[in-house]
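Peer 1: After the structure tokens below, expect a handful of questions from me.
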């Protein structure tokens, strides 16, 4: 199944922000689609947990990322954004990899500038971020790779610092004093647009006290923008109304929710089976009270229409195959 619409179409046809919550496999994508989302984001960290069972950066290979992403894209009608990290080790590797993502049906890719390599607490290189010029070449390579397709390239910089309280001690192992600040993040976003990116994403702006950053970015970065990982600190969302973000030029919003929900559900069912030593609870509980209409849509999405169509044609023709009697004489 291919995306019904591209990110370009979905953004252009509405007058509000497009939501693309983070998912990590075919089931989480199907649930998002059943709920009514028209776009999703493959979180590379959640994808790593799901595919190889670990959290450290760099644990999942690009081949594994492509393997997983292709199956997600082909299993849903939504537009899928893939977090491809830097895209590759070199700009030309990024070109090759992103070309394959686009050919697999991915409708958007983000190219980020983090370069840090760790072995536990040991930093292998002192380079925390790619230089702006290095990163720009990866972004441009991705732009070249998607030419002639409907795939969008998002220039993503992680260098700002700040943001949600969960990053108080640093962003994925990068300390706050190693971050480069808002000014450099804006400069990089501008450079990303200059080399052809269709959208920009500046990380670490997801907090209520970042409003001045949102305004600064809006005033100085041209083009479409993504607001990454809408968050809530102390039971208070970054914004009271996401329309505030849309008016500041954020056409796309991502957030995390599905992996946490899946883990919570698995713990609930698993604990009961472990305790009761039977499956009465899990067999008879209707998805923890989930909306029956959403469950019904999810069940309908279990098999894609093209699979059903081909299966029916094969089944219809099976009677002819069984009845076939070979002609023993010449056929020409």
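Computed from the coordinates by the stated procedures, all read-outs in this text should not be read as laboratory data. Please read these numbers as outputs of a predicted model, since none were measured by experiment. Note: ideal-geometry Cβ built from the backbone for every residue, glycine included; neighbour counts use all protein chains shown.
Peer 1: Can you put 245, 51 in order, fewest other beta carbons within 10 Å first?
Peer 2: Values: 245 22, 51 17.
Arranged by neighbour count, lowest to highest, 245, 51 become 51, 245.
Peer 1: Return one number: the angle in degrees, 0 to 90 and rounded to the nearest 10, between the long axis of the Cα atoms of helix 132-145 and the longest principal axis of the Cα atoms of the chain.
Peer 2: Value to nearest ten degrees: 30.
Peer 1: Give the separation of the Cα centroids, region 267-332 to region 145-188, in Å.
Peer 2: First find each Cα centre; the distance between them is then 42 Å.
Peer 1: Any idea what angle helix 26-35 forms with the longest principal axis of the chain, computed on alpha-carbon atoms, 0 to 90 degrees, nearest 10?
Peer 2: Orientation of helix 26-35: about 80 degrees from the principal axis.
Peer 1: Counting other beta carbons within 10 Å of each Cβ, put 266, 92, 60, 225 in order, fewest first. Don't skip to the answer; put the middle values down first.
Peer 2: Working: 266 10, 92 13, 60 21, 225 24.
Taking fewest neighbouring Cβ atoms as first place, the list is 266, 92, 60, 225.
Peer 1: What distance in nm separates the simple spin-label points at residue 317 and residue 211, each placed 7 Å from Cα in the Cβ direction?
Peer 2: 6.4
Peer 1: Given only helices, namely DSSP H runs of n ≥ 4 each adding -39500 (n - 2.57), what is the per-residue ellipticity at 222 nm of the chain, to the nearest 500 deg cm²/dmol?
Peer 2: Values: 13 runs with 146 residues, N = 332.
For the chain, the value works out to -13500 deg cm²/dmol.
Peer 1: What is the Cα centroid distance between region 93-130 and region 1-62, reported in whole angstrom?
Peer 2: 17
Peer 1: Can I ask one more? What FRET efficiency comes out for residue 115 versus residue 26 if R0 is 30 angstrom and r is the Cβ-Cβ distance? Round to the nearest 0.05.
Peer 2: Details: r = 31 Å, r/R0 = 1.04.
E between residue 115 and residue 26, to the nearest 0.05, is 0.45.
Peer 1: For the chain, what class follows from the C-alpha gyration tensor (a ≥ b ≥ c being the square roots of its eigenvalues): rounded when a/c is under 1.5, otherwise prolate if a/b is larger than b/c, else oblate?
Peer 2: Values: a/c = 1.85, a/b = 1.43, b/c = 1.30.
Verdict is prolate for the chain.
Peer 1: What's the FRET efficiency of residue 285 with residue 263 using the Cβ-Cβ distance as r and R₀ = 22 Å, to the nearest 0.05? Provide the component values of the computation, followed by the final result.
Peer 2: Numbers: r = 17 Å, r/R0 = 0.76.
For residue 285 and residue 263, the calculated efficiency is 0.85.
Peer 1: Something else now. To the nearest 10 degrees, how steeply does helix 211-220 sit against the main Cα axis of the chain, on a 0 to 90 scale?
Peer 2: Taking Cα atoms only, the helix is inclined about 90 degrees.
Peer 1: Contour minus end-to-end for residue 240 and residue 218, with contour as 0.36 nm per residue of separation and end-to-end as the Cα-Cα distance?
Peer 2: Values: separation 22, 0.36 × 22 = 7.92 nm, distance 1.88 nm.
Working it through step by step, the gained length comes to 6.0 nm.
Peer 1: On to the next question. For residue 100 and residue 278, FRET efficiency with R0 = 51 Å and r from the beta-carbon atoms, rounded to 0.05?
Peer 2: 0.65
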